[in-house]
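Before any comments, here is the structure.
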Amino acid sequence: MISLSVNIRSKTFTNGVCAIKDMSFDARPGEFLAIVGPSGAGKSTLLGLIAGLDPAVDGDISAKTGDAQQHRFRTGFMFQEPRLMPWLTVQQNIDLVLRPYAGRRNAVDDDAQVRHLLELVGLKDFGGMFPSQLSAGMCRRVALLRAFIIDPDLLLMDEPFQSLDAPTAEQLRQLLFDLWQRTSPTVLFVTHSLQEAISLADRILFFSARPSHVILDYEIPLPRPRTLDSAPVQQIHHQLLSRYPQLLEGSAAPAHASAMLGQYRAG
Ligand code: ADP
């Protein structure tokens, strides 16, 4: 588990596009944070910066472990597409991410852990299959397992369940929740679905349009477990959008201000 502190003055690409400006937030150890914002707001860019995939940023991103002796931490990443190696079996895809830890960890424990997790995600009998032999939902299960198999301190998830049918996506959310509860990594979960964010997260950060910053930091006042279509999730969804009608477009202007602006524009 790690805490994360993000203070970005700006992130501008070499073509001059400024994706992020004056963005600050913290994540507590083991916290599940969802990030919701308009398309092109800079959400994937932010995850890339936090993961260190793109080091070019004006600002500071720091992560701290609770243990003064632990200086390194492990980051898992789940992308929009499963990104499995098509020429490797399920088992080999998982072994691939464990390889950098070989020697540092116990191979016998790793084998047992892989078997256990394969069983947990319902893929016990599929270790020898190739990604092309699996359904879209099964490929996401493998990608989810692959993100968790390294026992991450920080887990970055970029719309991991998009374009799945509703029952499959719900199964994967439940699976994610079960896996998260086992070891409680700190999670940043990007989604364009407000309901998905409410059903999963402790807090939601809402982003403005590009250049993005945090327009609303919202703590979800619901006990778990939750499901996407449950009444409390729907109620929070309704309350948020009634209070901030343009929230998903990147503005946290309250309802009466939006109405006044509409009248002013019409006038
Ligand atoms: P989101 O994930 O919120 O949809 P992105 O982070 O993918 O948004 O992109 C934010 C903005 O930065 C977009 O306008 C996109 O075109 C731009 N962008 C992303 N990557 C690059 C890049 N490598 N070079 C230039 N512009 C980029």
**Asked** Among T168, T186, which is the only one that is in contact with a Gly (Cβ under 7 Å, 6 or more places away or on another chain), in contact (Cβ under 8 Å) with a residue 12 or more places away in the chain, β-branched (V, I, T) and farther than 21 Å from T75 by Cβ?
**Response** T168
**Asked** So which residues in the range 199-220 are of a type outside the set (G, A, S) and under 13 Å from the mean Cα position of the chain (by Cα), if there are any at all?
**Response** L200, D202, R203, I204, L205
**Asked** Residues of the range 1-27 being of a type in the set (A, V, I, L, M, F, W, C), within 15 Å of the ligand (Cβ to nearest atom) and in contact with a helix residue (DSSP H, G or I) (Cβ under 9 Å, 6 or more places away or on another chain), which ones?
**Response** V6, I8, F13, A19, I20, M23
**Asked** Assuming F13 fulfils every condition listed in (1) in contact with a Gly (Cβ under 6 Å, 6 or more places away or on another chain); (2) within 16 Å of R210 (Cβ to Cβ) apart from one, which condition is it?
**Response** (1)
**Request:** Scan the range 50-66 for residues that are more than 22 Å from N15 (Cα to Cα) and in contact with a helix residue (DSSP H, G or I) (Cβ under 9 Å, 6 or more places away or on another chain) and jot them down.
**Result:** I61, A63
**Prompt:** Which condition does F161 not pass, out of (1) in contact with a helix residue (DSSP H, G or I) (Cβ under 6 Å, 6 or more places away or on another chain); (2) more than 16 Å from the ligand (Cβ to nearest atom); (3) not in a helix (DSSP H, G or I), if it passes all the others?
**Reply:** (2)
**Request:** Can you confirm whether the range 202-221 contains a residue that is more than 16 Å from the ligand (Cβ to nearest atom), farther than 18 Å from Q80 by Cβ and free of Cβ contacts under 8 Å to residues at least 12 places away in the same chain?
**Result:** no
**Request:** Considering (1) touching a helix residue (DSSP H, G or I) at 6+ places or on another chain (Cβ under 8 Å); (2) open to solvent by 10 Å² or more (accessible area, probe 1.4 Å); (3) at pLDDT 95 or above, say which one L98 fails and leave the rest.
**Result:** (3)
**Asked** Of these, G40, G59, G76, G30, which one is surrounded by 13 or more Cβ atoms within 10 Å (Cβ to Cβ), more than 10 Å from the ligand (Cβ to nearest atom) and part of a loop (DSSP other than H, G, I, E, B)?
**Response** G30
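The values are calculated or read from the model by the stated rules, or taken from the named source; none is laboratory data. The model shown is predicted, which means the values in this text are computed figures rather than measured ones. Virtual Cβ from ideal backbone geometry, glycine too; neighbours counted across all protein chains shown. What goes into the accessible areas is simple: the full protein's heavy atoms, side chains included, and nothing from ligands, DNA or RNA. Shrake-Rupley method; radii C 1.70, N 1.55, O 1.52, S 1.80 Å.
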